[in-house]
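What follows draws every value from the coordinates through simple rules; no lab data is involved. In this text the structure is predicted, and so the values were computed from the model without any measurement. Backbone-built Cβ (ideal geometry, glycine too); neighbour counts: all protein chains shown.
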Amino acid sequence: MPAAVCQGRHTHGRVPHVPTLLIVHHTPSPHCQALFEAVVSGATTPEIEGVRVVRRAALSATASDVLEADGYLLGTPANLGYMSGALKHFFDQIYYPCLDETRGRPFSYYVHGGNDVTGAVRAVGTVTTGLGWRLAADPVTVTGEPGKADLQACWELGATTAAGLMPGA
Ligand SMILES: Cc1cc2nc3c(=O)[nH]c(=O)nc-3n(C[C@H](O)[C@H](O)[C@H](O)COP(=O)(O)O)c2cc1C
């Protein structure tokens, strides 16, 4: 087969595929921003080599973003006993276009809430089970003002999920 012919997700001609972690987040407040920044910091820590980290706001992420990535981190506030409408919109858009090709890919998530994130956690679990994604790190849930331990847990969430995508991991 000629080298210029695309052979799928892992090689495009002679250019090697760079494993990609896609972070899809809805970040409407400073507390959510703090968790998001900690996750990004962990995912992009210099010890993790050879992994590209792409961030997308949930309202702008596309099915192409999902298909091109190898693993996923999702971040959302709990709203009205469910995930945010923004993350739900993301799933509504990508579900069927990605159902076949992304089955088995690793993911995890973080949820921020005021006092009860149960419904949001259940909702993310239901959709990702439908997609067949594989939980690759313990999810992080935080209520109220994030403390040092919460931010550390988010850092580790980012680092663990990204490290799992390192070549040879
Ligand atoms: C309309 C609305 C519904 C919400 N519903 C929930 C909820 O069901 N459970 C919860 O723990 N927090 C709920 N919250 C709180 C948000 O999760 C919280 O505002 C968000 O995580 C941002 O956190 P912060 O306001 O402390 O910065 C709700 C907030 C709004 C505005």
- Task: Go ahead and run the numbers for FRET between LEU67 and THR126, Cβ-Cβ distance against an R0 of 30 Å, rounding to 0.05.
- Result: 0.90
- When HIS17, HIS31 are ranked with the fewest other C-beta atoms within 10 Å first, the list becomes HIS17, HIS31
- Item | Antiparallel bridges, percent of DSSP beta bridges restricted to the stretch 18-163 (to nearest 5) | 10
- Task: Between ASP116 and TYR82, with labels modelled 7 Å along Cα→Cβ, what's the label distance in nm to one decimal, could you check?
- Result: 1.7
- Note on the structure: Listed by chain and number, the residues whose amide H is under 5 Å from that of ILE23, excluding neighbours fewer than 5 places away on the same chain and using placed H, are VAL54, ARG55, ARG56, LEU73
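Once you keep just the Cα pairs under 8 angstrom separated by 6 or more residues, what percentage relative contact order results for the chain? Numbers along the way, then the final one.
On the way: 333 pairs, mean separation 50.7, N = 169.
So the answer I get is 30 percent.
Could you tally the net charge around GLY113, taking each other residue with its Cβ under 13 Å from the Cβ of GLY113, Lys/Arg +1 and Asp/Glu -1? Could the numbers behind the result be given before it?
Working: positive: ARG122; negative: ASP116, GLU145, ASP150.
With Lys, Arg at +1 and Asp, Glu at -1, the net is -2.
Under the rule of -39500 (n - 2.57) per DSSP H run of 4 or more residues, summed and divided by the residues of the chain, what mean residue ellipticity at 222 nm is obtained, to the nearest 500 deg cm²/dmol? Let's see the in-between values first.
On the way: 5 runs with 65 residues, N = 169.
Dividing the helical sum by the residues of the chain leaves -12000 deg cm²/dmol.
Longest span of the chain, sites excluded, free of trypsin sites (Lys or Arg not before Pro) in DSSP loop with at most 13 other C-beta atoms within 10 Å? Show your work: numbers first, answer last.
Values: sites that count: ARG9, ARG14, ARG103.
Longest site-free region, per DSSP loop and neighbour criteria: 15-102.
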